[in-house]
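Please read the structure below before turning to the comments.
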Amino acid sequence: MKNKMIITGLAASLLIGLPLSGSGSNVLNAKEGKIQNDEFSGIEKVEENKIFLNSGIVVTKVSDEKTTATDEDGNLEFEVIRKSESQLELKNLKTGEVKEIKINSEVYYETPLEQAKTDALINKDNQVSEVTTYAAGPPKGSVNGYKYKRTTNHNTLLDSAKEGAIVAIITSVCGPLGTAAGVAYSIASVYKASKSKMMYWKERTYTKQVGKWQLSVKTQYNYYKDSKYKKYIKTITKYKTYQGGGI
């Protein structure tokens, strides 16, 4: 039987500890580059903390808490603020309308069989993107040996049919852009095409001790189309290294 508890935010998914390095101003270190994959053909290029869409929309990760999106003419249209672990604020900068968007969360622990099924599903997708937060990749020598800790099922209201707003909401949830930009856009395209009102994702947390006082945390954000978390879309993976603490 699954051991469950209902929470109102993402607090249970955070480490009690301090990141070794990096901040909102320097973690977005992806190099400028053209997107080659046809699946991400809606993106013109990715530059530092910006996604340039072919439509003219530019999504910018301003900080850990703030993401903006322009309209097709380059004028600011939306601003998404991560107000807390359980709440986003979506502001239409043209009309002044402000919407509070709640993030609903449920923590549980997957059985080994459930883990294996989820892993098999993700491994079928050869476009899984691994984005890092404080380094260019997992700590040296730490790729293998991560131990599963827990899974948190999340859902939130998209509350907008606009492409820029959806991409901004996704990047507000999963953090820095980096190589995840194309995947974030691809996920947004699926939700937009299906006219989804809700976004669903599983946050799977793994840890590995990489030093006497250092802990590496691997987090998978697995996105789905449905409330039963069966219709898988794509995954974004992040790594962080913490000094002390534990989860």
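Couple of notes before you dig in:
- Here residue 76 meets each of (1) at pLDDT 90 or above; (2) farther than 25 Å from residue 154 by Cα; (3) touching a helix residue (DSSP H, G or I) at 6+ places or on another chain (Cβ under 8 Å); (4) not charged (D, E, K, R) with one exception, condition (3).
- Contacts under 7 angstrom Cβ, first residue in segment 229-247 being of a type outside the set (Gly, Ala, Ser) and surrounded by fewer than 18 Cβ atoms within 10 Å (Cβ to Cβ), partner in a loop (DSSP other than H, G, I, E, B) and modelled with pLDDT of 80 or more, 6 or more apart: 231/225; 243/213
- Qualifying positions in segment 80-103 - of a type in the set (Asp, Glu) and touching a residue at least 40 places away in the same chain (Cβ under 8 Å): 85
- Failed item, numbered, when residue 121 is tested on (1) outside any helix (DSSP H, G or I); (2) at pLDDT 75 or above: (1)
- Flag for residue 216 being in contact (Cβ under 8 Å) with a residue 60 or more places away in the chain, assigned to a loop (DSSP other than H, G, I, E, B) and over 16 Å from residue 173 (Cβ atoms): no
- Filter pass, residue 129 being at pLDDT 80 or above and touching a Gly at 6+ places or on another chain (Cβ under 8 Å): no
- When segment 42-54 is filtered for residues that are surrounded by 14 or more Cβ atoms within 10 Å (Cβ to Cβ), under 18 Å from residue 189 (Cα atoms) and of a type outside the set (Lys, Arg), the ones remaining, listed by number, are 42, 43, 44, 46, 51, 52, 53.
The values are calculated or read from the model by the stated rules, or taken from the named source; none is laboratory data. Every value quoted in this text rests on a predicted model; they were computed, and no experiment measured them. Note that we place each Cβ from the backbone using ideal geometry, even for glycine, and neighbour counts take in every protein chain shown.
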